Every structure is written in structure tokens, then in C-alpha cells.
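J.: Dropping a structure here in C-alpha cells format, bear with me for questions.
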Amino acid sequence: MGRGARKITDNDAGDYEMKEPIRVAVTGAAGNIGYALLWRIASGDCFGTNQPVTLQLLEIPAGMQRLDGVIMELRDSAFPLVHDMVGTDDPRVAFEGADAIFLVGSRPRTKDMDRSDLVAANGPIFVGQGKAIDAVASPDVKVITVGNPCNTNALIANANAPSIPSRQFTAMTRLDQNRAVGQMAERAGVTASEIRDVFIWGNHANTMYPDPRFATVDGKIATEIFDTGWLQGPFLETVATRGKAIIVARGASSAASAASAAIDHMRDWWQGSNGRIVSMALPSEGWYGVPEGLVFSFPCRCENGDVIVVEDLPVDSFAQSKIDENITMLLEEREAVSELLG
Ligand code: NAD
Ligand code: LMR
């Protein structure tokens with residue numbers, strides 16, 4: 001056993017060897033999502049219950065006092081898997097040697113805004129953070145971008161980190177997938193575990209397309225269970241506009257469900273998706289006619305630490321029209337941030 005490795009032997013189920021600690025960076029760590037996310041990472045929900053973590057937590061100077069409080073609470077939670085913790089306002093310290101990075105820190109929208117309205121406020125954050133990732137993170141780092149507009153923020157970070165392969169920069173559409181699962185499960189009267197392979201195309205924006213055509217409900221074909229009117233109407237509309245509905249109802253942007261989706265995304269990437277199709281936005285390599293480099297949500301499977309886009313699904317005219325709508329929107333967002341792309 002190497003440094004920091006030890007055995008769990010205090011119960012019958014746990015006589016297995018601990019791995020070497022990994023470094024996990026979280027930005028905006030004192031914010032609402034951070035507060036829900038850190039406890040899930042620390043408890044082993046993301047990287048495994050035999051994977052110790054060093055938490056490298058980034059805030060802006062104005063957030064450092066709140067971050068001190070969060071670190072105190074994490075310490076008070078006495079998680080066996082937390083190897084060490086660092087709180088900082090310097091991205092180079094936060095990303096030093098990082099194996100996994102959650103880019104959360106940025107402003108949420110208010111109920112009168114679209115997510116793309118945040119481009120001007122949040123986009124510049126991802127220039128400096130992309131450069132810092134390029135300079136100091138592990139060359140194998142896996143990055144998930146949560147801060148909105150997350151597809152275009154991932155594009156900015158990727159463009160400013162030329163030494164890191166593009167496929168290591170992703171953006172989160174798993175919350176949208178989970179919302180689609182929740183809607184289907186509720187309508188069919190089953191638990192979420194019975195729903196498989198519904199996924200999201202495109203942008204984490206109202207244009208997104210939750211594609212039901214390959215989904216199953218308790219092993220049965222979803223499009224034979226739900227009528228097209230519901231799938232292309234209220235289902236699509238609810239999933240696509242859920243973020244705003246939560247802001248209106250809660251008076252604040254989704255946080256616990258967003259943290260949970262970020263855990264799902266990184267866990268599947270790290271540990272595999274067990275053959276399931278999952279939604280991840282990543283820089284296009286021309287898949288499904290999406291222009292190269294646009295950070296676009298595709299159907300993916302995760303194996304051996306890699307994301308593999310499922311490339312051979314048929315696209316009908318409705319799906320194509322939604323894919324095209326998302327391409328148009330993401331091209332507009334890319335144009336709006338062209339000065340930030342290095
Ligand atoms: P929040 O305001 O509660 O917390 C954000 C935190 O980030 C704050 O503590 C702030 O001080 C910090 N921060 C701001 N700029 C930073 C920087 N440059 N470096 C490090 N930290 C910085 O917001 P939240 O509810 O945690 O949401 C965070 C972001 O996640 C928002 O942009 C929100 O829209 C987005 N979001 C995305 C999804 C998704 O599905 N992709 C879901 C929910 C929320
Ligand atoms: C969400 O989908 O809940 C987040 O992206 C927050 C938002 O602004 O909609």
C-alpha cells in the first residue's frame with residue numbers, strides 16, 4: 001500500500017484496499033451547488049467508496065469567508081475518504097495536479113433571464129480558469145462545466161487549454177436527462193430506475209431535445225407507452241424549461257438536483273455507465289453533422305474512463321430540426337464569445 005492508502009476493516013463488507021488519493025477541484029465551492037456537491041464527493045458517491053480525495057476548493061475573494069465555514073463543516077463531518085482539503089482564491093492552487101474538476105463557480109440567472117444572457121457575465125471566468133487548467137492540472141484531467149451557459153463556458157475553457165485534449169472538457173446536460181427520466185417515471189407510474197436511455201441533444205438551453213426514441217420503460221419501448229403528442233409537447237416543454245420553473249418556485253436556481261446530476265455525470269465518466277446511454281456535452285468531432293468544436297450534448301457511453309459518442313442512431317425529421325436549432329444557437333453563442341477563445 002502506498003502513501004495515504006489503508007484498509008477498511010471495521011465491518012464485514014469492507015475488507016478491501018484503499019486507492020491512492022486523487023485531487024478533485026471544485027470552483028464556486030461556497031455556493032449553493034457546491035454545498036450539496038461536496039458532501040456527495042466526500043462520501044464516495046462519485047469516485048467510489050475506496051477512493052480517497054484531496055478537495056481543492058476555489059472561491060473568489062468575497063467568498064473566502066463562506067468557504068472557510070464550508071471547510072469547517074466538511075471537517076466536522078469526519079469523512080474517512082477526505083485525505084486533505086485546500087481552500088483558495090487562486091485557480092492555479094485549486095487546479096494543481098487535479099484529476100477531476102467541477103467548474104461550478106459563476107453567477108446563476110434570475111427569473112427574467114435566459115441562460116445565454118449570462119455569457120457576458122460568466123464567460124470571462126472560463127478564460128483564466130482554462131489557462132490555469134492548462135498550466136497545472138493533470139494531463140488526464142476530466143472537466144465538467146456546470147456554470148451557465150455551460151456548453152459555451154466549456155468551449156471557452158477548452159479553447160484556453162490547448163495542451164489538454166478537447167474530449168476532456170465536458171458540460172453538464174445530465175440534469176436535463178434526469179428531468180426527462182423523472183417526467184417519464186411519473187407518467188408511467190414507475191420508479192426512475194425503470195427508465196433507460198432517454199438522452200439530451202444540444203445545448204443546456206430551452207432549445208435542448210430530450211430524445212425519447214430509444215428509451216425504455218421497464219423494458220418496453222417508451223414511444224409505444226407515451227403518445228407522440230405528449231412526448232413532443234408537454235414532456236419536451238417541461239424538461240426544456242424546468243430550470244426557469246424551479247427559479248420561479250424556489251426563488252433560487254436548482255442546486256441539490258444540479259449537484260446530484262454533476263455526481264452522476266462524473267461518476268459515469270470515472271467508473272463507467274454500464275452500457276447505458278447518458279447525456280454529455282463535449283466538443284464535437286463532426287458527429288451527426290454538428291460543426292467541429294461546438295460543445296454539444298450527444299448520446300454517449302462511458303467505458304474505461306473514456307466518453308464514447310454513440311454514432312449510429314437514426315435521426316428522424318423532428319430530431320434533425322431540433323439538432324439544427326441547437327447548432328444555430330450554439331453558433332450564435334460561439335460568435336458572441338469569439339474574443340474569449342484565445
Ligand atoms: P451560487 O451563486 O449559489 O454560487 C456560485 C458561487 O461561485 C459563489 O459562491 C461565488 O462566490 C462563486 N464564484 C463566482 N465567480 C467565481 C470564480 N470566478 N471562481 C470561483 N468561484 C466563483 O450559484 P449556484 O446555484 O451554485 O450556481 C452556480 C452556476 O451553476 C450558475 O451559473 C448556475 O446557473 C449554474 N447551474 C447549471 C446547471 C446545469 O444544469 N448546467 C444547473 C444548475 C445551476
Ligand atoms: C437549471 O437548469 O436548473 C440551471 O441551468 C439553472 C437555470 O438557470 O435554469
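J.: Does SER284 satisfy the criteria of being polar (S, T, N, Q), over 23 Å from LYS111 (Cβ atoms) and crowded, with 17+ Cβ neighbours inside 10 Å?
T.: Values: polar (S, T, N, Q): yes; over 23 Å from LYS111 (Cβ atoms): yes; crowded, with 17+ Cβ neighbours inside 10 Å: yes.
Yes, satisfied.
J.: Do any helices (runs of 4 or more DSSP H) entirely within segment 23-134 hold 2 or more residues that are modelled with pLDDT of 95 or more, and if so, which?
T.: On the way: elements: 32-42, 64-76, 91-94, 119-122.
Where helices (runs of 4 or more DSSP H) fall fully within segment 23-134 and carry at least 2 residues being modelled with pLDDT of 95 or more, they are 32-42, 64-76, 91-94.
J.: Only residues in segment 55-72 that are among the charged types (D, E, K, R) count as the first member; pair them with residues that are in a loop (DSSP other than H, G, I, E, B), Cβ under 6 angstrom, at least 6 apart or cross-chain, and list the lot.
T.: GLU59/ALA29; GLU59/ALA30; GLU59/ASP89; ARG66/ALA30
J.: Also: Could you pull out the residue among ASP140, ASP68, ASP99 that is over 22 Å from ASP264 (Cβ atoms) and either touching a Gly at 6+ places or on another chain (Cβ under 7 Å) or surrounded by fewer than 21 Cβ atoms within 10 Å (Cβ to Cβ) (or both)?
T.: Values: ASP140 fails: over 22 Å from ASP264 (Cβ atoms); ASP99 fails: over 22 Å from ASP264 (Cβ atoms).
Being over 22 Å from ASP264 (Cβ atoms) and either touching a Gly at 6+ places or on another chain (Cβ under 7 Å) or surrounded by fewer than 21 Cβ atoms within 10 Å (Cβ to Cβ) (or both) holds for just one of ASP140, ASP68, ASP99, which is ASP68.
J.: Determine which member of the set ARG250, ARG213, ARG242 is out of contact with any Cys (no Cβ under 6 Å at 6 or more places or on another chain), under 21 Å from PRO299 (Cα atoms) and either within 16 Å of ligand 2 (Cβ to nearest atom) or of a type in the set (Gly, Ala, Ser) (or both).
T.: Details: ARG250 fails: under 21 Å from PRO299 (Cα atoms); ARG213 fails: either within 16 Å of ligand 2 (Cβ to nearest atom) or of a type in the set (Gly, Ala, Ser) (or both).
After ruling out the rest, the residue left standing is ARG242.
J.: What number goes with the only condition from (1) over 20 Å from ILE200 (Cα atoms); (2) of a type outside the set (Val, Ile, Thr); (3) modelled with pLDDT of 95 or more; (4) assigned to a loop (DSSP other than H, G, I, E, B) that ASN148 does not pass?
T.: Condition not satisfied by ASN148: (1).
Residue-wise test of (1) of a type in the set (A, V, I, L, M, F, W, C); (2) free of Cβ contacts under 8 Å to residues at least 12 places away in the same chain; (3) within 14 Å of ligand 2 (Cβ to nearest atom); (4) part of a helix (DSSP H, G or I).
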{"site": "ASN178", "(1), (2), (3), (4)": "no, no, yes, yes"}
{"site": "ARG187", "(1), (2), (3), (4)": "no, no, no, yes"}
{"site": "VAL190", "(1), (2), (3), (4)": "yes, no, no, no"}
{"site": "SER193", "(1), (2), (3), (4)": "no, yes, no, yes"}
{"site": "ALA205", "(1), (2), (3), (4)": "yes, no, yes, no"}
{"site": "TRP270", "(1), (2), (3), (4)": "yes, no, no, yes"}
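J.: Output the number of residues of segment 207-239 satisfying the condition of being touching a residue at least 40 places away in the same chain (Cβ under 8 Å) and more than 16 Å from SER317 (Cα to Cα).
T.: So in segment 207-239, the residues touching a residue at least 40 places away in the same chain (Cβ under 8 Å) come out as 207-209, 211, 213-214, 226, 230, 232, 235, 238-239.
Then drop every residue that is not more than 16 Å from SER317 (Cα to Cα), which leaves 226, 230, 235, 238-239.
Matching residues across segment 207-239 total 5.
J.: Return the residues of segment 225-249 that are surrounded by fewer than 11 Cβ atoms within 10 Å (Cβ to Cβ) and either of a type in the set (Lys, Arg) or within 16 Å of ligand 1 (Cβ to nearest atom) (or both); say none if nothing qualifies.
T.: Matches in segment 225-249: VAL248, ALA249.
The values are calculated or read from the model by the stated rules, or taken from the named source; none is laboratory data. Because the structure is a prediction, the values reported are computed rather than measured. Here Cβ is always computed from backbone atoms with ideal geometry, including for glycine, and neighbour counts include all displayed protein chains.
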